[in-house]
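Quick one: the structure is below, and I'll ask about it shortly.
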Amino acid sequence: MIDIRKAEHEAVSWGIPLTDYMELQIRIRGTVDVFGDSTLNDAPEESWREAVADVLIEHGLIPKGNRFLQCSKFAHLFRCEGAEAHKLFSPIYCDLRFCPRCAPRQFARLLSKYEPILRAVSAERKPGFRLREITLTSVNLGGLTASQIRKFNEAVKRTLKRLMKKVKGWGAIWCDEVGFDNTNLHAHMLFWGPYISQPLLAEVWNQVSGHQVVWIKEAKGRGAGALLYLLKYVSKPPTNDPRAVGLLEVAFHKTRRIHAVGLFHNFAGNDPDNEFSEWSCCPHCGADIVKEMGAPRIEKAILEGRTFVGTKHTARRKEWVN
């Protein structure tokens with residue numbers, strides 16, 4: 001299955017358009033398996049995705065199963081409204097939370113969204129307030145359900161509100177996570193507020209949730225540096241087992257994985273944590289873009305001379321590189 005950004009990078013390093021890069025790959029290989037049309041190289045990934053999709057379909061999530069199977073195979077088509085009417089495309093991603101292709105995109109979007117919030121609250125410099133890393137854990141029940149996740153998140157929220165009663169200006173953002181190859185649900189959190197001792201945190205967490213293990217320390221970084229601690233957990237699935245990935249998708253169906261309260265919620269609003277990416281301007285000339293009809297295979301869009309709408313490299317040499 002084609003990796004658009006990798007292909008773009010190689011085309012730029014060779015000094016040729018993406019179209020020429022694709023045509024050259026066909027000539028070199030004598031086939032189009034670079035596009036994902038052959039099962040020669042893609043069979044392991046295809047089989048893995050089919051196994052995940054089977055779990056989603058078993059649980060009635062047929063549209064999600066189909067999206068997961070078709071992730072990055074087809075393209076949205078765009079045209080810019082500038083004088084040159086540049087033709088563009090964008091892969092159609094599944095945007096499922098635990099898709100290996102889409103998880104890094106979720107990481108980048110969330111980093112861009114929350115970094116300004118961290119900078120804003122850190123700039124306040126309230127006496128005694130610090131940015132702190134907190135982990136709240138639950139007992140591993142050997143499985144994970146949507147109701148269990150909702151109950152856990154409600155306990156996290158109630159714990160914070162009890163600890164911050166009568167305190168103004170505090171905020172927190174947390175990510176629901178499970179351990180690698182297990183179902184141990186826990187929350188990794190960035191908390192902005194006054195000092196909380198670990199014994200007090202553990203006591204309140206136990207009173208509210210019935211769970212015991214907690215961890216707290218002052219965050220080392222600010223902005224993107226602090227967010228790396230939190231958001232690294234969304235950048236890749238916590239297991240390679242396709243059935244486990246499918247069951248995680250089922251458990252988190254219509255259930256948020258990223259949560260914000262207090263000041264963080266006031267800044268962030270109700271934006272969902274897996275919003276589809278939207279492109280608004282042409283990478284070549286900056287003009288507005290409009291979506292065109294159709295959703296062809298990605299390789300067809302490229303061979304039509306279309307440019308990846310997310311490209312950062314617009315100056316291309318036309319000649320081949322020796």
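If I go through segment 56-73 residue by residue, how many of them are in a loop (DSSP other than H, G, I, E, B) and either β-branched (Val, Ile, Thr) or modelled with pLDDT of 95 or more (or both)?
Result for segment 56-73: 3.
For segment 74-85, name all the residues that are under 18 Å from ILE302 (Cα atoms) and in a loop (DSSP other than H, G, I, E, B).
Passing the criteria: GLU84, ALA85.
Separate question: So, PHE89, is that one touching a residue at least 24 places away in the same chain (Cβ under 8 Å), out of contact with any Cys (no Cβ under 6 Å at 6 or more places or on another chain), closer than 18 Å to CYS71 by Cα and assigned by TED's automatic domain parsing to the domain that holds ILE298 or not?
It is true that PHE89 is touching a residue at least 24 places away in the same chain (Cβ under 8 Å), out of contact with any Cys (no Cβ under 6 Å at 6 or more places or on another chain), closer than 18 Å to CYS71 by Cα and assigned by TED's automatic domain parsing to the domain that holds ILE298.
So, in segment 1-50, of the ones that are hydrophobic (A, V, I, L, M, F, W, C) and exposed (fewer than 14 other Cβ atoms within 10 Å of the Cβ), which residue ends up modelled with the lowest pLDDT?
Checking each candidate, the answer is LEU40.
Which residues, taken from segment 86-144, are surrounded by 21 or more Cβ atoms within 10 Å (Cβ to Cβ) and in a helix (DSSP H, G or I)?
GLN106, LEU110, TYR114, ILE117, LEU118, VAL121
Separate question: Tell me which residues, restricted to segment 170-186, are without any contact (Cβ under 8 Å) to a residue 60 or more places away in the chain and hydrophobic (A, V, I, L, M, F, W, C).
Passing the criteria: PHE180, LEU185.
Considering only residues that are touching a Phe, Trp or Tyr at 6+ places or on another chain (Cβ under 9 Å) and either at pLDDT 85 or above or surrounded by 14 or more Cβ atoms within 10 Å (Cβ to Cβ) (or both), which ones fall in segment 304-322?
Within segment 304-322, GLU304, ARG306, THR307, PHE308, VAL309, GLY310 meet the criteria.
If a residue has to be out of contact with any strand residue (DSSP E or B) (no Cβ under 7 Å at 6 or more places or on another chain), touching a residue at least 12 places away in the same chain (Cβ under 8 Å) and surrounded by 14 or more Cβ atoms within 10 Å (Cβ to Cβ) to count, how many in segment 194-220 make the cut?
Residues flagged as out of contact with any strand residue (DSSP E or B) (no Cβ under 7 Å at 6 or more places or on another chain), touching a residue at least 12 places away in the same chain (Cβ under 8 Å) and surrounded by 14 or more Cβ atoms within 10 Å (Cβ to Cβ) within segment 194-220 amount to 4.
Now for a separate question. Return the residue satisfying two criteria in turn: it lies in segment 61-84 and is touching a strand residue (DSSP E or B) at 6+ places or on another chain (Cβ under 6 Å) and aliphatic (A, V, I, L, M), and of such residues it is farthest from GLU50 (Cα to Cα).
LEU77
For residues that are among the acidic types (Asp, Glu) and over 13 Å from THR135 (Cα atoms), tally how many sit in segment 197-234.
Here the count works out to 1.
I would also like to ask the following. Going through ARG243, ARG256 one at a time, which residue ends up being assigned to a helix (DSSP H, G or I), over 30 Å from PHE78 (Cα atoms) and modelled with pLDDT of 80 or more?
Among ARG243, ARG256, only ARG243 is assigned to a helix (DSSP H, G or I), over 30 Å from PHE78 (Cα atoms) and modelled with pLDDT of 80 or more.
The values are calculated or read from the model by the stated rules, or taken from the named source; none is laboratory data. Source: prediction; values computed, not measured. We place every Cβ from the backbone using ideal geometry, glycine too, and count neighbours over all the protein chains shown.
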